[in-house]
Amino acid sequence: MIDQTNSPFKIVLLGDSSVGKSSLVLRLCQDKFVENLEPTIGGSCIIQNIEIEESEVKLKIWDTAGQERFHSLTPLYYRGAKGAVIVYDISNFESFERAKDWILELRENGESDSKIVLVGNKIDLETKAVEDTTAQKFADKNGLLFFETSAKTGEFVNQIFLALAKLLLGKN
Ligand code: GDP
């Protein structure tokens, strides 16, 4: 078993404002959904244990506290990140286009080998502006894992972090 007592894997959430980053963290950690979540509620860094087979993986999940709105994420935010969850809103095509910029930003400022999961959130909504096949193609081309989720209903939220934890343990 891997002993991570002193060094949980740092995971950063990235993506445009309002795509649901804080809501995904809240769903993962407390299995809750709150409409109009205050930035201060989500904006934080949370330790979460993920169980994989016989092992327990500790993730230290960093959320942006809304600074992405002002394009002011500091290098410290990216530093040492072993994994990243890049989120877009499936009802907002621009947020998908911007996800590509966030990936570049991570590559420039983060660790060269950080693992990335691309997440299309809000699949509970009727309006679909980004086809899953389009996003899947983009993910395949860039070697990313891809999930569509809903922080509202909880669908596939755990899978994001489980898949990341497995990647970090080299179990995928
Ligand atoms: P952030 O700025 O990326 O952290 O986004 P938030 O988590 O604050 O969410 C922005 C808004 O989208 C809030 O009003 C949330 O309630 C809503 N939201 C987040 N996730 C979902 C989802 O999966 N489905 C729906 N319908 N709304 C969501």
Which one of Thr134, Phe33, Gln48 has its Cα pushed farthest toward the positive end of the charge dipole of the chain, where Lys and Arg give +1 and Asp and Glu give -1 at the Cβ?
Gln48
If amide H atoms are built 1.01 Å from N in the plane of the peptide, which residues on other chains or at least 5 residues away come under 5 Å of the amide H of Glu111?
Gly80, Ala81
Fraction of alpha-carbon pairs in region 57-152 farther than 20 Å apart, rounded to whole percent, equals 38
Over the Cα atoms, compute the radius of gyration (one decimal) and Dmax (the largest Cα-Cα distance, rounded to a whole number) for the chain, in Å.
14.9, 44
Toy charge model, Lys and Arg Cβ at +1, Asp and Glu Cβ at -1: region 42-172 dipole around Cα centroid in debye, rounded to 20, equals 300
Per its Cα gyration tensor (rounded if a/c is under 1.5, else prolate when a/b beats b/c, else oblate), region 122-172 is best filed as oblate
Quick check on the chain: helices-only [θ] at 222 nm, where DSSP H runs of length 4 and up contribute -39,500 (n - 2.57) each and the sum goes over total residues. Nearest 500, please.
-10000 deg cm²/dmol
Which percent of the accessible heavy-atom area of region 82-172 goes to carbon and sulfur, probe 1.4 angstrom?
46
Starting from the Cα gyration tensor of region 94-150, multiply each eigenvalue by 5, take the square root, and state the resulting semi-axes largest first in whole Å.
22, 11, 10
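The values are calculated or read from the model by the stated rules, or taken from the named source; none is laboratory data. What you see is a predicted model, and the numbers here were worked out from it, not measured in a lab. Every residue, glycine among them, receives a Cβ derived from its backbone with ideal geometry; neighbour counts consider all protein chains shown. Surface accessibility is based on the protein's heavy atoms, side chains included, excluding ligands, DNA and RNA. Shrake-Rupley method; radii C 1.70, N 1.55, O 1.52, S 1.80 Å.
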